[in-house]
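The values are calculated or read from the model by the stated rules, or taken from the named source; none is laboratory data. None of these values were measured; they are calculated from a predicted model. Neighbour counts are summed over all protein chains in view; Cβ atoms, including those assigned to glycine, are modelled from backbone coordinates with ideal geometry.
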Amino acid sequence: MNERSCDVAVIGAGTAGLAAYRAATEAGASAVLVERGPGGTTCARVGCMPSKLLIAAAKAAHAARNTDLFGIRVAGVAVDGRAVLERVRAERDRFVGGVLDGVNALPEAARIAGSARFADRDSLTVDDHTRITFRAAVIATGSSPTVPAPLRGLGDRVLTTDTLFEIPDLPDSLAVLGAGAVGIEIAQAMSRLGIRVTVIDAGDTVAGLSEPDLARQAAEIFRAELALHLGAKLDSATPDGDGVRLAWTDRDGRARETRVDRVLAATGRAPNLGWLGLDVTGLRLGEGGMPEFDRRSLVCAGAPILIAGDADAWRPVLHEASRQGSIAGANAAALAAGRAVTSPESWTSLTMVFTDPQVAAIGAPYAADAPGRVTGTVDFSTQGRARVDGANHGGLRIWADREGRLLGSEMLGPAVEHLAHLLAHAIGDGKSAAAVRDQPIYHPTVEEGFSTALSEITQSICQS
């Protein structure tokens with residue numbers, strides 16, 4: 001077995017792992033990067049990018065079918081499922097190729113292929129060919145889709161985001177288990193591509209919304225395009241010819257059955273930790289074998305080991321994984337050199353769902369009983385630019401404290417991906433509703449609705 005030693009060992013060459021490796025080496029540490037494959041990052045290979053490519057195709061089909069509002073007549077729209085998926089894969093492979101080129105550009109001696117497992121708190125083995133002794137390590141092993149028990153054993157009838165984009169053609173019917181961000185994005189896209197879609201979720205909200213009125217509006221909007229069943233429980237799933245028969249119980253306790261060609265499990269992703277042998281490291285392990293760690297420094301309790309990205313299950317989105325990787329890599333280098341670690345403040349929380357209308361949650365979450373909050377609202381059904389574009393659905397809610405300092409928001413509507421960034425930056429800068437409202441906003445834009453909500457907040461404060 002080859003023997004290696006280094007200051008920092010990084011396990012995983014995804015978004016967080018690559019950022020950790022670069023940060024560690026930039027801090028002067030010697031580092032190695034272990035990757036068991038297939039590589040290319042979750043985002044590029046099976047997450048953000050292929051899903052957005054599918055959504056883009058669905059958006060084109062939907063737009064072509066809905067031109068009558070503008071007095072434009074389109075005679076017939078045909079969806080070529082094979083061509084849709086071929087483009088998804090071709091562009092996906094291009095994004096993945098770019099990531100792999102970046103990995104291959106790293107020094108060859110720093111890259112080790114194989115599956116890493118801790119031998120003790122200061123060393124790990126890679127398959128049966130390499131042993132690495134380190135002064136600090138970063139766990140950046142990503143996550144994998146979870147498949148609920150009733151769906152296990154159904155073979156390729158069950159899809160996850162790891163397999164969905166590999167199918168050669170679109171199915172005629174699809175059940176989606178889970179109405180969170182991934183589930184509802186894929187469900188709406190598939191419906192707009194002409195597939196009969198059924199969504200089943202045990203929860204009461206869709207797309208992660210928690211503000212009651214926006215959650216209600218979202219359910220109504222998506223239910224107009226597909227069969228959405230909230231408060232429902234999947235009881236069993238059995239093969240039925242080439243498809244699947246689902247037995248489930250609806251919100252009212254009635255037994256229901258649905259027969260579909262394929263089922264997409266969209267019930268979340270679990271950290272890839274089980275094969276690491278964390279029990280020999282001295283780390284304090286909590287539920288599911290998750291190490292206890294400081295959310296600012298990302299240092300785990302009990303050993304010179306840090307954790308970042310989807311592996312820590314804290315904020316599993318790309319921009320957070322990249323930042324966490326950088327923090328973990330720099331702190332790993334510091335531990336290796338006997339220096340103090342840093343504990344940066346967390347970024348303002350920012351999550352998005354790329355449905356139509358889009359959804360976002362920013363900053364402090366909605367809380368019905370939070371004392372001292374002032375809320376501003378916008379109804380996009382009457383907002384000027386939204387009506388011009390025929391995208392006048394949804395609304396937004398922004399909350400601030402009694403001094404007007406912006407705290408958080410939930411949004412459902414057009415151009416939300418842009419509005420959310422504006423608000424996230426304002427919250428991060430500690431700005432007040434009045435200060436942001438007094439900045440220029442061009443007419444006619446959707447951003448004018450943003451200004452409306454801020455004005456409502458400032459007026460409420462003045463009147464209290």
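Can you name the residue in the stretch 153-164 that is in contact with a strand residue (DSSP E or B) (Cβ under 8 Å, 6 or more places away or on another chain) and assigned to a loop (DSSP other than H, G, I, E, B) and, of all such residues, is surrounded by the most Cβ atoms within 10 Å (Cβ to Cβ)? Result: THR161. Looking across the stretch 239-274, just one residue is touching a strand residue (DSSP E or B) at 6+ places or on another chain (Cβ under 6 Å), free of Cβ contacts under 8 Å to residues at least 60 places away in the same chain and part of a loop (DSSP other than H, G, I, E, B), and that is ASP250. Tallying residues that are of a type in the set (Lys, Arg), under 22 Å from the mean Cα position of the chain (by Cα) and assigned to a helix (DSSP H, G or I) within the stretch 381-422 yields 0.
With respect to ALA368, determine if the residue is touching a strand residue (DSSP E or B) at 6+ places or on another chain (Cβ under 8 Å) and assigned by TED's automatic domain parsing to the domain that holds GLY430. No: the conditions fail for ALA368. All of ARG131, ARG117, ARG89 fail the test of being farther than 19 Å from THR25 by Cβ, outside any helix (DSSP H, G or I) and either touching a Phe, Trp or Tyr at 6+ places or on another chain (Cβ under 9 Å) or hydroxyl-bearing (Ser, Thr, Tyr) (or both), apart from ARG117.
Applying the criterion of being surrounded by fewer than 24 Cβ atoms within 10 Å (Cβ to Cβ) and polar (S, T, N, Q) to the residues of the stretch 1-24, the residue that is farthest from the chain's Cα centre (by Cα) is ASN2. Among the residues of the stretch 204-238, those that are in contact with a strand residue (DSSP E or B) (Cβ under 8 Å, 6 or more places away or on another chain), of a type in the set (Gly, Ala, Ser) and outside any loop (DSSP other than H, G, I, E, B) comprise ALA218, ALA219, ALA227, SER236, ALA237.
Per the listing ALA90, ALA105, ALA78, ALA119, the residue uniquely touching a residue at least 60 places away in the same chain (Cβ under 8 Å) and surrounded by fewer than 16 Cβ atoms within 10 Å (Cβ to Cβ) is ALA119.
Keeping to the stretch 40-86, report how many residues are assigned to a loop (DSSP other than H, G, I, E, B) and not β-branched (Val, Ile, Thr).
Looking only at the stretch 40-86, we keep the residues that are assigned to a loop (DSSP other than H, G, I, E, B), and these are 40-41, 47, 66-67, 71-80.
Narrowing further to those that are not β-branched (Val, Ile, Thr): 40, 47, 66, 71, 73, 75-76, 78, 80.
So the count comes out to 9.
PHE450 fulfils the conditions (1) crowded, with 20+ Cβ neighbours inside 10 Å; (2) modelled with pLDDT of 95 or more except for a single criterion, (2).
The C-beta contact set for the stretch 200-220 (first residue buried (at least 23 other Cβ atoms within 10 Å of the Cβ), second residue hydroxyl-bearing (Ser, Thr, Tyr), distance under 6 angstrom, 6+ apart or interchain) comprises GLU211/TYR366. For first residues located in the stretch 25-38 and farther than 9 Å from ASP7 by Cα and surrounded by fewer than 19 Cβ atoms within 10 Å (Cβ to Cβ), partners that are among the charged types (D, E, K, R) and modelled with pLDDT under 95 and lie 6+ apart or on another chain with Cβ distances below 9 Å form the pairs PRO38/ARG45. Of all residues in the stretch 415-449, which are touching a strand residue (DSSP E or B) at 6+ places or on another chain (Cβ under 7 Å), within 14 Å of GLN383 (Cβ to Cβ) and not aliphatic (A, V, I, L, M)? Listed by number, the list holds a single entry, GLY449.
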